[in-house]
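Worksheet: the structure to be examined is printed underneath.
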Amino acid sequence: MNNQHPELFHRHKLNPILTATNWPYPVNSVLNPGATLLPDGNTLLLCRVEDRRGHSHLCAARSTNGVDGWQIDAQPTLLADPEHFPEELWGIEDPRITYVPELGKYAIVYIAYTSSGPGIALALTEDFHTFERYGMIMSPEDKDAALLPHRIDGHWVLVHRPVGDHGAHMWMSYSPDLRHWGSHKLMLEARQGGWWDANKIGLSPPPIETPQGWLVIYHGVRQTAAGSLYRLGLALFDLQTPERCLKRGNEWVFGPEDPYEQRGDVGNVVFPCGYTLAPDGDTLHLYYGAADTSIALATGSVRAMLEWLEQHG
């Protein structure tokens, strides 16, 4: 019994908490939800829903306890609109939600699947019923993006993962108006060789603001003889210079272990796009896509993650 390691995330006994069978209209799979706590205390998941064409849209599910009793919108909440936004030709995917107090709105950063590949789009909403769409803000190929909740030195900050000749690393970009982005800065590189996070990494849920810094849960993609293997790691970034990495864990902290994570449309994937933080400011509910087929929940402690980084960073 010497093969012990810290368990930072604990799977919920009801996993998977949402599947295609829960949906009020025909779908193939539900996955990769953004998450937020509403003013009434309810949890809202904005789920990626894939239809039987292979195209995705977004649909809201609400719960009083964030675990069960989900009330799912009877129709898609946000559909691709290629007539007005041609970059959404093949659907919209993987939303990440940030509440922005300055605007009094939720910022939804999501993937627009264009004929040239995935790019990053932005929409704002007050109620998840009506949306102000900004269209594409980062051209293909770019994914795994979220907005920080407030400006830094007068500029909005976007975390994202462009792919090109430079590789597949995590970057930050800055904007005065949410529309025009520049000052691109590399924040975290994929490692090389046999590491669990070699060659390709990306942001998982939006960064978590703590007194010690921005706590980032990110995913690494390891290529094996059996295909891709998605697992999660931790890093910490400076509050005022958020592209500056303070600590980075060497080991992965959460990976596909249970059958619903190992087998599905894309096996061996745990992929969180959202979390909620309990009133204690420490208990984290992490919502993740499992094997690109269903939605699952794991709980953790922000304090424990920071302590783990102190020891393993």
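The values are calculated or read from the model by the stated rules, or taken from the named source; none is laboratory data. Nothing here was measured: the structure is a model prediction, and the numbers come from that model. Please note: Cβ atoms are built from the backbone with ideal geometry, for glycine as well, and neighbour counts cover all protein chains shown.
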Meets criteria (under 19 Å from Glu189 (Cβ atoms), of a type in the set (A, V, I, L, M) and either touching a His at 6+ places or on another chain (Cβ under 7 Å) or part of a loop (DSSP other than H, G, I, E, B) (or both)) for Leu232: yes
How about the range 218-271: which of its residues are of a type in the set (A, V, I, L, M, F, W, C) and within 30 Å of Gly154 (Cα to Cα)? Leu234, Ala235, Leu236, Phe237, Leu239, Cys245, Leu246
Return the total of residues in the range 61-77 being surrounded by fewer than 21 Cβ atoms within 10 Å (Cβ to Cβ) and in a strand (DSSP E or B). 4
Among the listed residues Asp292, Asp282, which satisfies the condition of being over 17 Å from Asn15 (Cα atoms) and acidic (Asp, Glu)? Asp282
Would it be correct to say that Asp73 is among the charged types (D, E, K, R), more than 16 Å from the chain's Cα centre (by Cα), farther than 24 Å from Pro140 by Cα and at pLDDT 95 or above? yes
Only unsatisfied item for Leu58, checking (1) surrounded by 17 or more Cβ atoms within 10 Å (Cβ to Cβ); (2) out of contact with any Pro (no Cβ under 8 Å at 6 or more places or on another chain); (3) of a type in the set (A, V, I, L, M), is (2)
Any residue in the range 118-125 that is over 19 Å from Ala235 (Cα atoms), touching a residue at least 24 places away in the same chain (Cβ under 8 Å) and touching a helix residue (DSSP H, G or I) at 6+ places or on another chain (Cβ under 9 Å)? yes
Checking Asp127 against (1) more than 18 Å from the chain's Cα centre (by Cα); (2) within 19 Å of Pro33 (Cβ to Cβ); (3) not in a loop (DSSP other than H, G, I, E, B), only one condition comes out false. Which one? (3)
Please work out if Tyr260 is in contact with a Cys (Cβ under 8 Å, 6 or more places away or on another chain) and of a type in the set (Ser, Thr, Tyr). no
For the range 165-190: of the residues being at pLDDT below 95 and outside any strand (DSSP E or B), which is surrounded by the most Cβ atoms within 10 Å (Cβ to Cβ)? His166
For the range 263-294, name all the residues that are acidic (Asp, Glu) and over 15 Å from the mean Cα position of the chain (by Cα). Asp265, Asp280, Asp282
Looking at Thr293, Thr283, which is the one that is of a type outside the set (A, V, I, L, M, F, W, C), closer than 16 Å to Pro205 by Cβ and touching a helix residue (DSSP H, G or I) at 6+ places or on another chain (Cβ under 9 Å)? Thr283
Inspect all residues belonging to the range 226-234 and state whether any of them is under 23 Å from Asp142 (Cβ atoms), hydroxyl-bearing (Ser, Thr, Tyr) and modelled with pLDDT under 95. yes
Enumerate the pairs (first residue in the range 78-102 and in a helix (DSSP H, G or I); second residue anywhere and of a type in the set (A, V, I, L, M)) with beta-carbon separation below 6 Å, excluding pairs fewer than 6 apart on the same chain, so at least 6 apart or on different chains. Glu87/Ala112; Glu87/Met136; Glu88/Ala80; Glu88/Ala112
Test Ile201 against the criterion of being at pLDDT 95 or above and in contact with a Leu (Cβ under 6 Å, 6 or more places away or on another chain), and give yes or no. no
By residue number, the members of the range 191-209 that are among the small types (Gly, Ala, Ser), in a loop (DSSP other than H, G, I, E, B) and over 19 Å from the mean Cα position of the chain (by Cα) are Gly193, Gly194
Kindly indicate whether any position in the range 245-261 is among the small types (Gly, Ala, Ser), out of contact with any His (no Cβ under 6 Å at 6 or more places or on another chain), more than 24 Å from Ala60 (Cβ to Cβ) and part of a loop (DSSP other than H, G, I, E, B). yes
If the requirement is being crowded, with 24+ Cβ neighbours inside 10 Å and either more than 29 Å from Leu186 (Cα to Cα) or in contact with a strand residue (DSSP E or B) (Cβ under 8 Å, 6 or more places away or on another chain) (or both), which of these qualifies: Ala225, Ala296, Ala278? Ala296
